[in-house]
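Notes follow once the structure below has been shown.
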Amino acid sequence: MNNAMTREVILIKSTQKVRDAWLVMMEADISGAPVVDDNGQLVGVLSTTDIFREILDRVVKAKKLREATVKEAGTEAGDKEEIRELILAIRAVIDNPVGSVLPKDQKILCLSPEDSLDRAIKMLAEHDVNRLPVVKGNQVVGIITRQDIILIVSGKARPA
């Protein structure tokens, strides 16, 4: 892993607001990042999919509640209510700490610097994930992504 991993890892704190983490990921043009606690210990990996899933869950719950209580659907007022529900769901999610949107059943997958590229490829495929943090002594020291592996296999250099 030492030769394949990205060493300058963007880390997200579990106590950080989702809004701030999301902005950091967008500014860095990444779709996910390792999440650490206040001691720098890996507690999970946040992806934009996790954020979208949390927003969607809230929207679906609001829609079910609305449909159970309101008889008219498809009206202009109904459309405005759907937009309002979406905005409220986004606000509720982004104001929460990152730790609250990590999947509850998320198994923490990681590699050590001594692991092989072959092991990384197998883990990415087996667990259907896009990134694996590289951990040494309970601290994140790197990350390897599917994109990194594609670049390595194709013989292309990583963009600076």
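What the table shows:
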{"read-out": "Residue match in segment 7-28 (condition: of a type in the set (Ser, Thr, Tyr) and surrounded by 14 or more Cβ atoms within 10 Å (Cβ to Cβ))", "value": "yes"}
{"read-out": "Subset of segment 1-29 (residues that are of a type in the set (A, V, I, L, M, F, W, C) and under 18 Å from Leu151 (Cα atoms))", "value": "Met1, Ala4, Met5, Val9"}
{"read-out": "In segment 67-82, residue nearest to Ile55 (Cα to Cα) [restricted to those that are loosely packed, with under 10 Cβ neighbours inside 10 Å, modelled with pLDDT of 70 or more and of a type outside the set (S, T, N, Q)]", "value": "Ala68"}
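Results for (1) among the hydroxyl-bearing types (Ser, Thr, Tyr); (2) under 16 Å from Thr6 (Cβ atoms); (3) without any contact (Cβ under 8 Å) to a residue 12 or more places away in the chain, shown as yes or no for each residue.
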site	(1), (2), (3)
Ile94	no, no, no
Val101	no, no, no
Lys104	no, no, yes
Ile108	no, no, no
Ser112	yes, yes, no
Arg119	no, no, yes
Asp128	no, no, yes
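The values are calculated or read from the model by the stated rules, or taken from the named source; none is laboratory data. Small disclaimer: the values here were computed from a predicted structure and weren't measured. In this analysis, Cβ positions are derived from the backbone assuming ideal geometry, glycine residues included, and neighbour counts consider all displayed protein chains.
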